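Reviewing the structure listed below.
The values are calculated or read from the model by the stated rules, or taken from the named source; none is laboratory data. These figures come from a predicted structure and were not determined experimentally. Note that we place each Cβ from the backbone using ideal geometry, even for glycine, and neighbour counts take in every protein chain shown. Heads up: the accessible areas ignore ligands, DNA and RNA and are worked out on the full protein's heavy atoms, side chains in. Shrake-Rupley method; radii C 1.70, N 1.55, O 1.52, S 1.80 Å.
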Amino acid sequence: QVQLVESGGGLVQTGGSLRLSCAASGSIFSRNAMAWYRQAPGKERDLVAAIGSGGSTIYADSVKGRFTISRDNAKNTLYLQMNSLKPEDTAMYYCASGSSIMTMKFGSWGQGTQVTVSS
């Protein structure tokens, strides 16, 4: 079972940047599809971006061009570079792990890291 720990969240102003990290353990990280989801207060949890074991990526339309998902297999770490942040990006961000980016099913989750963008 994979263990995931997010970090890097915080409070930033509109237009600012943050880089979220997700440290993974307990599995073969390089074989896993990984994703970032977010959940704003009173809203459903939505996909932000996903990355496959081979490096293929998927982005939500709302973040495309602003966010970049990446992975460092040597460090067993997933990243989300968040640029040009907007107040609507405010949410709890969760790291997730699954078997394939094609299924978009992620069974392992981190505890989340809060991102707050002030207007």
Cα gyration tensor category, rounded, prolate or oblate, for the range 5-47 with a/c compared to 1.5: oblate
Accessible area in square angstrom per residue, the chain, 1.4 angstrom probe: 51 Å²
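Local charge sum around A96 (other residues, Cβ-Cβ under 14 Å, Lys/Arg +1, Asp/Glu -1)? Numbers along the way, then the final one.
On the way: positive: R38, R45, R71, K105; negative: E6, D46.
Computed value for this residue: +2.
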Dipole magnitude of the chain about its Cα centre (Cβ charges: Lys, Arg +1; Asp, Glu -1), debye to nearest 20: 160 debye
Pairwise label distance in nanometres, M104 with A60, each label 7 Å out on the Cα-Cβ vector: 1.2 nm
Using a Förster distance of 30 Å, the FRET efficiency for T116-A74 (Cβ separation, nearest 0.05): 0.45
Alpha-carbon centroids, the range 68-119 and the range 22-41: separation in whole Å: 7 Å
Q1 versus Q13: modelled label distance in nm, points set 7 Å from Cα along the beta carbon direction: 4.4 nm
The range 1-108, accessible surface, carbon-and-sulfur percent (1.4 angstrom probe): 47 percent
Normalised convex hull volume, the chain, alpha-carbon set, Å³ per residue: 90 Å³
Trypsin sites (Lys or Arg not before Pro) restricted to DSSP loop in the range 32-71 with at most 13 other C-beta within 10 Å: K43, K64
